[in-house]
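The values are calculated or read from the model by the stated rules, or taken from the named source; none is laboratory data. This one's a predicted model, so the numbers in the text were calculated from it and none came from an experiment. Cβ atoms come from the backbone with ideal geometry, glycine included; neighbour counts cover every protein chain shown. When the accessible area is computed, the model is the full protein with side chains, heavy atoms only, and any ligands, DNA or RNA have been set aside. Shrake-Rupley method; radii C 1.70, N 1.55, O 1.52, S 1.80 Å.
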Amino acid sequence: CCTHIADLLIEDICKIPAFKRIISDCRFLAVFIKKYRVVKNAYKRVIGNQNPKGTMLVLYPDTRFSYADLTLSQVEKNMNSLRILRDEAKFDNETIHAVPTSQKDRFVEIVDDRNFINTRLPTYC
């Protein structure tokens, strides 16, 4: 059926290195927010204070490749919230003080890339 064909097409697209990396980065952001209670609570506070309100990042399963689009969409819609979280004065000393350095560095690298989704995709997109 058409849905299955579309899923297979998206599966092939997800194998392109640039797409694979950006999907991995988006999944990392969702896991990072959800994994650490202090980070998750800080993110909830940030999205609750926005107008319009942001949303919690959703971690979709790897079982269907069409979820890649949903993951990218969630991160794109909430990137401003992630940047607000990163820019908070207490971010380094309180929010992520117990997070392993490698995870903290990856989060900061992704969020600090002001053209995150646009610059990481190939020009033929």
Apply 1/(1 + (r/R0)^6) to the Cβ-Cβ distance of E88 and S24, taking R0 = 22 Å, and write down the FRET efficiency to the nearest 0.05.
0.30
What are the extents of the Cα atoms of the chain along their three principal axes, in Å, largest first?
50, 24, 24
Roll a 1.4 angstrom probe over the protein heavy atoms and tell me the percent of accessible area of segment 1-78 that is carbon or sulfur.
59
Part-to-part distance (alpha-carbon centres) for segment 86-109 and segment 13-30, which is given in Å
21
How many nm separate the modelled label positions at R37 and C2, each set 7 Å beyond the Cα in the direction of the Cβ?
4.8
Measuring from its Cα centre, segment 1-90 shows a charge dipole (+1 at each Lys and Arg Cβ, -1 at each Asp and Glu Cβ) which, in debye to the nearest 20, is 620
Under a 1.4 Å probe, what is the accessible area of the chain per residue, stated in Å²?
61
Tell me which DSSP H helices of the chain clear both cut-offs, 24 Å or more of axial length from alpha-carbon atoms and a mean Kyte-Doolittle hydropathy of at least -0.5.
17-35, 67-87
